[in-house]
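Please treat every number below as a calculation from the coordinates, not as lab data. No experiment lies behind these values; they were computed from the predicted model shown. Every residue, glycine as well, gets a Cβ built from its backbone with ideal geometry; the counts of neighbours run over all protein chains shown.
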Amino acid sequence: MSSRSSDRVNESDFAVVLFYSTQGAIRAERALMRAGLAVKLIPTPRQFSSDCGTALRCAWVDVDAVCAALREAGIEYGRVHRLASHRSATGQASVVEAEGGEGNG
């Protein structure tokens, strides 16, 4: 995944990986934890559309390793989005890269 050159990547930015099913998200979490990657299942943020209400969150700096591990494990995933670490006045994290990256599914 590459970020836009105009966007500054912060160490506390997150990647949100979308899945086509809850079962796929759970399989992904297990595979990534076995691979030693720090991930967490979360409800899919409202600003993203998804076929599934469960997404996976990881540090943005780990997104390439996460996607590679998912491909290696044969787990299909949808788009990948980046959430900025700064928050709006309402307290929601801002979406920096709404187009994200294409998944492998």
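For C52, nonlocal amide neighbours, meaning residues 5 or more places apart or on other chains whose placed amide H falls under 5 Å from its own, are F19.
Relative protection proxy for 60-67, 71-78, 26-33, from highest mean packing down: 60-67, 26-33, 71-78 (other beta-carbon atoms within 10 angstrom).
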